[in-house]
Amino acid sequence: HEAYFAVGVDCVETNTFGANFAALAEYDIAGRVGELSEAGARVAREAADAFTGRDGRQRWVLGSMGPGTKLPTLGHVEYRTLREAYQANAEGLVAGGADALLVETTQDLLQTKAAVLGARRALEALGVDLPVICSVTVETTGTMLLGSEIGAALCALEPLGIDMIGLNCATGPAEMSEHLRYLARHARVPLACMPNAGLPELTADGARYPLTAGELADAQEGFVREYGLSLVGGCCGTTPEHLRQVVERVRGLVPAGRDP
């Protein structure tokens, strides 16, 4: 968290991508969803507050709610089980000091709905009103993993009262452009984009992400100018240097106007 705040970002995500029922159940600790979510949020909150205390500029914590490893549409897990676990996930993130809830890397619209509605139930139960951001993952095939295209995702998710919609993971910015164009024309909520550092290349040492920091900054500047994005960042393979250059490029930009 500190490495990213040090290069000028406004927000960090909590390290709670796996603090959900499906992932933790594999280790027989599904009952610790709330505890681990709160702990992850608190670590990020402390880092954010420390940087704000140094220069007075507000920093924010986005509570990461990952997709897990079970897809309810394929019958891997019951919808209600997921929704209730996501509520615990969200309640923990709020207790730990998250400023917003980020339902991210979603591949199955039923799982996405479970997470969004779990987040909404948590906020209602706690009596707080925080933004709920939803970020879907569109594969190189042009659809989500289970075949939903971006228009279907928007149609299914916007009525649930999300405060922002966007894309993250799976691809680099180049492959996201047309999907962002669609959202810019049709979404009535603000837009977000957190691409990978290009499409991963498999090497003997594991995945390598080819996109340079300058190339990511070029892409994000273009997206803000052309599609009116409100939140930009990076996903797999992006380093503090990637984000430093993005910050330099977009800090003073006003997002393009949209008329969906």
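The values are calculated or read from the model by the stated rules, or taken from the named source; none is laboratory data. Not measured: the values here are computed from a predicted model. Cβ sites come from the backbone with ideal geometry, for glycine too, and all protein chains shown count toward neighbours. The accessibility values were calculated without ligands, DNA or RNA, using every heavy atom of the protein model including side chains. Shrake-Rupley method; radii C 1.70, N 1.55, O 1.52, S 1.80 Å.
Kindly provide the set of residues from the stretch 1-33 that are closer than 24 Å to Thr69 by Cα and more than 19 Å from the chain's Cα centre (by Cα), ordered by number. Leu24, Ala25, Glu26, Tyr27, Asp28, Ile29, Ala30, Gly31, Arg32 - these are the residues of the stretch 1-33 that are closer than 24 Å to Thr69 by Cα and more than 19 Å from the chain's Cα centre (by Cα). If you go through the stretch 23-39 one residue at a time, how many are closer than 14 Å to Glu84 by Cβ and open to solvent by 20 Å² or more (accessible area, probe 1.4 Å)? The qualifying residues number 4.
Taking each residue of the stretch 74-98 that is in contact (Cβ under 8 Å) with a residue 12 or more places away in the chain and among the acidic types (Asp, Glu) and looking for partners that are assigned to a helix (DSSP H, G or I) and open to solvent by 30 Å² or more (accessible area, probe 1.4 Å) with beta-carbon atoms closer than 7 Å, six or more apart or interchain, yields Glu91/Ala125; Glu91/Leu126. Scanning the stretch 227-260 for residues that are over 20 Å from the mean Cα position of the chain (by Cα) and more than 17 Å from Gly8 (Cβ to Cβ), we see that the one that is surrounded by the most Cβ atoms within 10 Å (Cβ to Cβ) is Arg258.
For the stretch 53-66, a residue qualifies if it is farther than 19 Å from Ser37 by Cβ and open to solvent by 30 Å² or more (accessible area, probe 1.4 Å), and the qualifying residues are Gly53, Arg54, Asp55, Gly56, Arg57, Gln58. Taking the stretch 99-121 as the range and being open to solvent by less than 10 Å² (accessible area, probe 1.4 Å) and aliphatic (A, V, I, L, M) as the test, the residues that pass are Ala100, Leu101, Leu102, Val103, Ala114, Ala115, Val116, Ala119. The residues of the stretch 72-89 that are outside any helix (DSSP H, G or I) and open to solvent by 40 Å² or more (accessible area, probe 1.4 Å), listed by number, are Gly75, His76, Glu78.
Selection of the stretch 8-22 for residues being open to solvent by less than 20 Å² (accessible area, probe 1.4 Å) and not in a loop (DSSP other than H, G, I, E, B) yields Val12, Ala22. Do the conditions hold for Leu93, that is, is it part of a helix (DSSP H, G or I), out of contact with any Cys (no Cβ under 7 Å at 6 or more places or on another chain) and open to solvent by 10 Å² or more (accessible area, probe 1.4 Å)? In short, no. When Thr69 is tested against (1) without any contact (Cβ under 8 Å) to a residue 60 or more places away in the chain; (2) more than 18 Å from Ala39 (Cβ to Cβ); (3) not in a loop (DSSP other than H, G, I, E, B), just one condition goes unmet, and that condition is (3). In summary, helices (runs of 4 or more DSSP H) completely within the stretch 142-260 and bearing 1 or more residues that are among the charged types (D, E, K, R) occur at 173-186, 213-227, 240-250. Taking the criterion of being under 15 Å from Asn20 (Cβ atoms) and not β-branched (Val, Ile, Thr), the residues of the stretch 105-120 that qualify are Gln107, Asp108, Leu110, Gln111, Lys113, Ala114, Ala115, Leu117, Gly118, Ala119.
Taking the stretch 146-168 as the range and being out of contact with any helix residue (DSSP H, G or I) (no Cβ under 8 Å at 6 or more places or on another chain) and either under 20 Å from Gly118 (Cβ atoms) or surrounded by 21 or more Cβ atoms within 10 Å (Cβ to Cβ) (or both) as the test, the residues that pass are Glu158, Pro159, Asp163, Met164, Asn168.
Taken over the stretch 161-211, residues that are touching a Phe, Trp or Tyr at 6+ places or on another chain (Cβ under 8 Å) and acidic (Asp, Glu) amount to 1.
Selection within the stretch 198-226: residues that are aliphatic (A, V, I, L, M) and open to solvent by less than 70 Å² (accessible area, probe 1.4 Å). The member of this set that is modelled with the lowest pLDDT is Ala207.
Under the condition of being farther than 16 Å from Asp99 by Cβ, open to solvent by less than 60 Å² (accessible area, probe 1.4 Å) and in a helix (DSSP H, G or I), the residues counted in the stretch 122-140 number 0.
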